[in-house]
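One structure below.
Coordinate-derived values only; no laboratory data. As the structure is a computational prediction, the values presented were derived from the model and not from experiment. As a convention, Cβ positions derive from the backbone with ideal geometry for all residues, glycine included, and neighbour counts pool all protein chains shown.
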Amino acid sequence: MTASRWYPFTILGVSILGFFDAAYLTIQHYTQFTLPCTITHGCDLVTKSEYSSIAGVPVALLGALFYLAMFFATYIIIETKRHDLLRFVALGSIAGFLSSCWFVYLQFFVIHAICQYCMLSALTSTTLFVASIVYFSKEYLRRAKTSSTSPSQVSTHEE
C-alpha cells in the first residue's frame with residue numbers, strides 16, 4: 001500500500017478520535033458534570049465560558065458534527081472512489097483548522113485557561129487539516145498527471 005493510500009485511513013481514524021472527544025464535551029455541556037482536568041487546569045473555565053456556545057449551540061456539538069461529516073465523506077471516497085468529495089474534505093479541514101486556531105487563541109489570550117480536551121480537538125483538527133490537504137494535493141497531482149498522459153492527448157503522427 002503506497003503512502004498516499006494511508007491518508008484517507010488516517011483521516012478516518014483521527015476523525016473518530018475527534019468525534020469521541022467532542023461528544024464527551026457535548027455530554028459534559030448538557031449534563032453539567034465537572035470535567036476531570038488531569039493535564040491542565042482550567043477545563044471547566046473553558047467549557048463553561050461564554051465562548052463555549054454559539055447561538056445557544058455548544059461548540060462541542062458543532063465539533064462532533066464536523067468530525068462525523070469528515071468521517072463519512074472520507075468513507076464515501078474510499079468506498080465509491082468519488083474523489084470529487086476530496087474538495088469537501090479539504091475545505092472542511094481548513095474550516096476546522098481555522099476554528100481550532102480561534103479557540104486556542106481564546107484559551108491562551110482571553111480566557112487564560114487551557115482545556116486538555118479542547119487541545120486534543122485542536123490537535124485532531126490540525127492533523128485532519130494536514131492529512132486532507134496532502135491527500136487532496138497528491139490526488140489532484142495524480143489526476144493531472146494521468147489526464148496529461150492519456151492516450152487521447154498523445155499525438156500519433158510525427159511532425
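Quick notes
- The 3J(HN,Hα) values that the Karplus relation (6.51, -1.76, 1.60; θ = phi - 60°) gives for the stretch 17-25 are, in residue order, 4, x, 4, 5, 4, 5, 5, 4, 5 Hz. Gly and Pro appear as x.
- Simple label model, 7 Å out from Cα along Cβ direction - L62 to T34, nm: 2.9
- Förster radius 30 Å - calculated FRET efficiency between S148 and L98 (Cβ-Cβ, nearest 0.05): 0.35
- Likely footprinting exposure, M119, M70, fewest C-beta neighbours within 10 Å first: M119, M70
- Each Lys or Arg adds one and each Asp or Glu subtracts one; over the other residues with Cβ under 13 Å from the Cβ of L85, this totals 0.
- Computed per residue of the chain from DSSP H runs no shorter than four, each worth -39500 (n - 2.57), the mean residue ellipticity at 222 nm is -24000 deg cm²/dmol.
- Shown for C43, C101: other C-beta atoms within 10 Å of each C-beta, ranked fewest to most, produce the order C101, C43.
- Placed amide H near S53: partners under 5 Å, 5+ positions off or other chain: V59
- Neighbour counting of Cβ atoms within 10 Å sorts the residues T124, T74, fewest neighbours leading, into T124, T74.
- Within-14-Å neighbourhood charge of F72 [Cβ basis; K, R +1; D, E -1]: 0
- Efficiency of FRET between I133 and S53 - r from beta-carbon atoms, R0 25 angstrom, step 0.05: 0.30
- Any cysteine of the chain lacking a neighbouring Cys Cβ under 4.7 Å - listed by number: C101
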